[in-house]
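Enquirer: Here it is: the structure, laid out below.
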Amino acid sequence: MSQDDLSGLIARTALGDRLAFSSLYSQTSAKLFGVALRILKDRGQAEDAIQEVYVRIWRRAGSFRADQASAMAWLVTIARNQAIDLIRARQPATLEYDDAPDIADHAPDPEARAALSGETRRIEGCLGELEADRAAAVVAAYMEGLSYQELAEQYAVPLNTMRTWLRRSLIKLRECMSR
């Protein structure tokens, strides 16, 4: 089919002529499918692309100018652009800098680790000043998350006694840490 014949079919399609559109499809679909398949490298996606290509041709036929481009070049450009749009759509969107995931290590840096180890030694030293069972109860309550009731049962003391142990032990720890 000549370029003039294709241009005529596009012009008639612009006027809403369904027979001209059907003829245009039958004359050009194989070539445009080949363009889409070459770009997309997937038959299913190329078929989807061609469907959208002909929807675009139907809608944009009125914008075709035979004096600016050949009919086949115009059709191939639409197919090519649709295939490229599909490739772009399947690529993940780039993230804005503020939305980018943190890639930094969340572990403390060496300076912070040194400070923490110094604090750890101080806390361990202050716990050493408490009676052994009181120190163990403080660690169990505040590091392991045991409740007053669980601790009272573990140490076989009344609940209020356990509360008193922990309150007095924390007061002694605060005094020790402030020295």
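The values are calculated or read from the model by the stated rules, or taken from the named source; none is laboratory data. Only a predicted model underlies this, so the values are computations on that prediction, with no experimental measurement involved. Glycine also receives a Cβ, built like all others from the backbone with ideal geometry; neighbour counts cover every protein chain displayed. The area values use the complete protein model at the heavy-atom level, side chains included, leaving out ligands, DNA and RNA. Shrake-Rupley method; radii C 1.70, N 1.55, O 1.52, S 1.80 Å.
Enquirer: Over the chain, with every protein chain in place, what whole percent of the accessible area is carbon and sulfur at 1.4 Å, could you tell me?
Expert: Using a 1.4 Å probe with all protein chains present, the chain comes out at 52 percent carbon and sulfur.
Enquirer: Subtracting the Cα-Cα distance from 0.36 nm times the residue separation, let me have the gained length for Cys176 to Arg163 in nm, one decimal.
Expert: On the way: separation 13, 0.36 × 13 = 4.68 nm, distance 1.99 nm.
Full-extension gain reported as 2.7 nm.
Enquirer: Per residue of the chain, what 222 nm ellipticity follows from adding -39500 (n - 2.57) for every DSSP H run with n ≥ 4, rounded to the nearest 500?
Expert: Details: 8 runs with 130 residues, N = 179.
Only helices count here, giving -24000 deg cm²/dmol.
Enquirer: Right, here's the next one. State, to one decimal in nm, how far the label point of Asp133 lies from the label point of Thr120, with both points 7 Å from Cα in the Cβ direction.
Expert: 2.9 nm
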